Ligand code: HEC
Ligand code: HEC
Ligand code: HEC
Ligand code: HEC
């Protein structure tokens, strides 16, 4: 876990919240969940979405690290995809596992 992610966790009290998974509202989107940590500005410059998603991608990585630093579902996509290609923040719900078949047609699933 990156230092920025850890300090965000502690600054917002998430370290405590994470110990009880009941704190996740099941129907919350990823964006809503992240807004609770500091607003739209957590991902968008001045709260406004960029046209190409690059600024938002940089924000994800500043807290979570790069695809290359993550597990085997993430690593092969380093340099190929942005986080939002699989975790669309305004559509995906917290706890939802992204599927593979929107891009790979050989039946593979998350490891
Ligand atoms: C976790 C990061 C994150 C947070 C927090 C977030 N957004 Fe976004 N938002 C994105 C990304 C990434 C996109 C690019 C579209 C996509 O892939 O979903 C986006 C797209 C948008 C769009 C373009 C239309 C759409 O839905 O695709 C608007 C408008 C928007 N966001 C507004 C907001 C507002 C207002 C807030 C605060 C209430 C907010 N966002 C919070 C990441 C975030
Ligand atoms: C190819 C699709 C894909 C892309 C791109 C992707 N993810 Fe994931 N992500 C997944 C899948 C599948 C899971 C659930 C299985 C797992 O944990 O690997 C997941 C789980 C996660 C989790 C929860 C589990 C954990 O390790 O804490 C986080 C956080 C996460 N992704 C963040 C990101 C970030 C940040 C990026 C961009 C740097 C990203 N993901 C890009 C598919 C993707
Ligand atoms: C300000 C720091 C910060 C930014 C920016 C940020 N995240 Fe997170 N994110 C967190 C924290 C803290 C958690 C909760 C701990 C965890 O699950 O790692 C989290 C959780 C997640 C999870 C797991 C939620 C679940 O289902 O349990 C995903 C997926 C995720 N983030 C994706 C993204 C994506 C995609 C972006 C960029 C569009 C992004 N994050 C930007 C801090 C951040
Ligand atoms: C948004 C599109 C997209 C999604 C969703 C996606 N991938 Fe990929 N994946 C790609 C692209 C693009 C490449 C790089 C081109 C290639 O090698 O096929 C790739 C390459 C890979 C590779 C290395 C090359 C190969 O085909 O073996 C693996 C492994 C992989 N993906 C696994 C997964 C898994 C597992 C999931 C579901 C958790 C997934 N991908 C979801 C787009 C995606």
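Computed from the coordinates by the stated procedures, all read-outs in this text should not be read as laboratory data. This structure is a prediction, so every number in the text was calculated from the model and none was measured. Note that we place each Cβ from the backbone using ideal geometry, even for glycine, and neighbour counts take in every protein chain shown.
Suppose each label sits 7 Å from its Cα in the direction of the beta carbon; what would the residue 81-residue 54 distance come out to in nanometres?
The two pseudo-label positions are separated by 2.1 nm.
Just want the ordering: 81, 67, from fewest to most Cβ atoms lying within 10 Å of their own Cβ.
81, 67
Measuring from label point to label point, each 7 Å out along Cα→Cβ, what is the residue 46 to residue 106 span in nm?
So the two model labels end up 4.6 nm from each other.
Jot down the radius of gyration and Dmax of segment 31-111, Cα atoms only, both in angstrom.
13.3, 41
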